[in-house]
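Since every read-out is calculated from the coordinates, none of them should be taken as a lab result. Because the structure is predicted, anything quoted here is derived from the model rather than measured. Note that we place each Cβ from the backbone using ideal geometry, even for glycine, and neighbour counts take in every protein chain shown.
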Amino acid sequence: MLITDTPDLLDEGLAWTTARIAAVPADALDAPTPCDDWDLRTLLNHTVETLAIFADALDGGGATATGPWDAAMADLAARTQLAWRQPGVMDRTYELPFGTMPGPVMASATLLEAVVHGWDISQASGEAASIPEDLALAVLAFAHAALGEAQRGDAFGPALDIGATSSEQLIAYLGRTP
């Protein structure tokens, strides 16, 4: 499944992740995360930097995100939400440091990046939020379509066959333990 006709799920996913980042306590930055070898500080940096790359590809702005993570993420979410509402944005192809993507793939990849790392952040910070059902189902459908065993690379572990909720199934499919 690709996000093709509405940015509403992307808006929801970015807002959900922005809230996860805003909830991070300062004393949790050295906490381990579900991402191998990354502490929470490293994961926050990665999430904001990657979403800045997506935002820059969309609107041509600078891919630098500065300031506290929550403020940087809120700015990136606003930029991204505005850009996806422009005419013809889904019809374009985007050049990114990690490849060329048609609009629907980039929208879906942005949603996956935001939502899954939002979950990772919430686990590491102690918040332990579950991904909302509609977001989890959309990202899981995209993950099934885009991430077979050959496409997982170092970013995702082998799929685990566990999880009762859509959130747990998504996380398990991406090789994390819910």
Relative to the present Cα-Cα distance, how much length would full extension add between THR100 and GLU127 at 0.36 nm per residue of separation?
6.2 nm
Show that you can apply the helix-only estimate: for the chain, add -39,500 (n - 2.57) for every DSSP H stretch of four or more residues, divide by all residues, and state [θ] at 222 nm to the nearest 500.
-17500 deg cm²/dmol
For ALA78 paired with ALA23, estimate the spin-label separation in nm (one decimal), with each label point 7 Å from Cα along the Cα-to-Cβ line.
2.3
List the equivalent ellipsoid semi-axes of the chain in whole Å, largest first, each obtained as the square root of 5λ for an eigenvalue λ of the Cα gyration tensor.
23, 20, 15
Would you tally the net charge around SER166, using a Cβ to Cβ cut-off of less than 13 Å, leaving SER166 out, and scoring K and R as +1, D and E as -1?
-3
